[in-house]
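The structure under discussion appears below in the form of structure tokens.
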Amino acid sequence: MNKTDKIYIAGHSGLVGSAVVRLLRKKGYTNLVYQTREDLDLTDKTAVDHWFVRQRPQFVIIAAARVGGILDNDTHPVDFLYQNLQIATNIIHASHEHKVEKLLNLGSACIYPKDSQQPIREEYFMTGKLEPTNEAYAIAKIAAIKLCQAYHRQYGDNFISAMPTNLYGPGDTFNDSFAHVLPALLHKLVVAKETNQPFIKVWGSGKPRREFMFVDDLARALLLLMDKYNSPEIINVGTGEDINILDLVEMLKTVVGYSGEIVLDGTKPDGMPLRRLDVSKLRKLGYKHEYTLLQGLTETHRWYMAHAGKAIKEKQRA
Ligand code: GFB
């Protein structure tokens, strides 16, 4: 991509999209286009088509999706399946119709089978049953990957798909019930500290292992893929390092400065027992993440404290 090429970032205000926009701007890309949710409903095919007619982007990065943590996925399978299918099919089809030079489709590590051998290599895709708690989201992401591959096969379109691991960082959604584990726990710990609660609840057994990537590291990987990767085959994006949930809580307690107890809530699901990506394909392209988990957590905590004062005060009043 050249610095003046027109690049459309779908989902520019979310965790991933905002990191991509930050990095593109920092690198001097001047022709970025995006639209707020109020002004462009990505689940509306006609609206998406009109947007492409007007804007004619040369490059497209799909960071837009209906996302959420394990309970949100489990409780709202229709939203996760239907909305994500619509968003992906509308943007991918419009990108073909309007001759986009290259499209990057963002998948998810949850597309891999529940009982995948670790670390998870790209070729394990479609070789086994999915984790039920996030099956709806995974099916929508799998459909988007297959659609990109179909456009490549039938028309030669350069539509690539990256599979990121669990992401976190500035701009994430922080709340108790529907957020992903890392922002949910960060939020719970800060509130517990501010309100002198003696314990916080951690869902499930605390034993599942996850691989967490700081979102600015993801953005660097995505730009590298836009420059260097031109295959319809999926490619993993992660750190290659995982941690169990209880150890993550201990790190977060240190970062936040909370010394209360941890109580396990066994009524909540564990989800996939293990999930660590094999990132050797990405490494061969010359990529290595920069943030350690501790650095990423510290940075995310700093951002959260600067932005979440209102939420904490509301909690204190409740
Ligand atoms: O991040 P998370 O919500 O989803 O939860 P997944 C990861 C693990 O953390 C699970 C545990 O074992 C949870 O039981 N956990 C402990 C908690 N305490 C909490 C808490 O307070 N909140 C949350 N949310 N979890 C997601 C999918 O799966 O992975 C998405 O739901 C997406 O669709 C993403 O695919 C990559 O990591 O299990």
Among the residues that make up region 133-140, is at least one of them assigned to a loop (DSSP other than H, G, I, E, B) and open to solvent by 20 Å² or more (accessible area, probe 1.4 Å)? no
Scan (1) in contact with a Lys or Arg (Cβ under 8 Å, 6 or more places away or on another chain); (2) small (Gly, Ala, Ser); (3) open to solvent by less than 20 Å² (accessible area, probe 1.4 Å) for the single condition residue 128 breaks and write down its number. (3)
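Assess whether residue 120 counts as being within 19 Å of residue 157 (Cβ to Cβ), surrounded by 15 or more Cβ atoms within 10 Å (Cβ to Cβ) and modelled with pLDDT of 95 or more. Outline the logic, then answer.
Numbers: within 19 Å of residue 157 (Cβ to Cβ): no; surrounded by 15 or more Cβ atoms within 10 Å (Cβ to Cβ): yes; modelled with pLDDT of 95 or more: yes.
Taking the combined requirement at face value, the residue does not satisfy it.
Looking only at residues in region 40-66 that are among the charged types (D, E, K, R) and touching a helix residue (DSSP H, G or I) at 6+ places or on another chain (Cβ under 9 Å), which one is most open to solvent (accessible area, probe 1.4 Å)? Steps first, please.
Step one: list which residues in region 40-66 are among the charged types (D, E, K, R), which gives 41, 44-45, 49, 54, 56, 66.
In the following step, the residues that additionally are touching a helix residue (DSSP H, G or I) at 6+ places or on another chain (Cβ under 9 Å) were identified as 41, 44-45, 49, 66.
Working: 41: 73, 44: 63, 45: 99, 49: 36, 66: 53 Å².
Only one residue tops the list, namely 45.
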Can you name the number of the only condition in (1) farther than 25 Å from residue 298 by Cβ; (2) surrounded by fewer than 22 Cβ atoms within 10 Å (Cβ to Cβ); (3) more than 8 Å from the ligand (Cβ to nearest atom); (4) not β-branched (Val, Ile, Thr) that residue 199 fails? (1)
Would you be able to tell me the number of residues in region 1-54 that are within 28 Å of residue 68 (Cβ to Cβ) and outside any helix (DSSP H, G or I)? 21
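Please enumerate the residues belonging to region 55-111 that are assigned to a loop (DSSP other than H, G, I, E, B) and among the β-branched types (Val, Ile, Thr).
Just the residues of region 55-111 that are assigned to a loop (DSSP other than H, G, I, E, B), to begin with: 56-58, 63-69, 76, 98-101, 107-108.
Across region 55-111, the qualifying residues are 67, 100.
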From 167, 186, which residue is in contact (Cβ under 8 Å) with a residue 12 or more places away in the chain and over 21 Å from residue 281 (Cβ atoms)? 186
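Taking the conditions exactly as written (open to solvent by less than 20 Å² (accessible area, probe 1.4 Å) and over 30 Å from residue 61 (Cα atoms)), does residue 182 satisfy them or not?
On the way: open to solvent by less than 20 Å² (accessible area, probe 1.4 Å): yes; over 30 Å from residue 61 (Cα atoms): no.
So residue 182 fails the test.
What helices (runs of 4 or more DSSP H) completely inside region 210-318 contain at least 3 residues that are hydrophobic (A, V, I, L, M, F, W, C), open to solvent by less than 40 Å² (accessible area, probe 1.4 Å) and in contact (Cβ under 8 Å) with a residue 60 or more places away in the chain? If you could, list the steps in order and put the result at the bottom.
Details: elements: 215-228, 245-256, 280-284, 293-307, 309-317.
In region 210-318, 215-228, 245-256 are the helices (runs of 4 or more DSSP H) which contain 3 or more residues that are hydrophobic (A, V, I, L, M, F, W, C), open to solvent by less than 40 Å² (accessible area, probe 1.4 Å) and in contact (Cβ under 8 Å) with a residue 60 or more places away in the chain.
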Looking only at region 68-93, which residues are aliphatic (A, V, I, L, M), without any contact (Cβ under 8 Å) to a residue 60 or more places away in the chain and surrounded by fewer than 23 Cβ atoms within 10 Å (Cβ to Cβ)? 78, 81, 85
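The values are calculated or read from the model by the stated rules, or taken from the named source; none is laboratory data. Every value quoted in this text rests on a predicted model; they were computed, and no experiment measured them. Cβ: placed from backbone, ideal geometry, glycine included. Neighbour counts: every protein chain shown. With ligands, DNA and RNA removed, areas are computed over all heavy atoms of the protein, side chains included. Shrake-Rupley method; radii C 1.70, N 1.55, O 1.52, S 1.80 Å.
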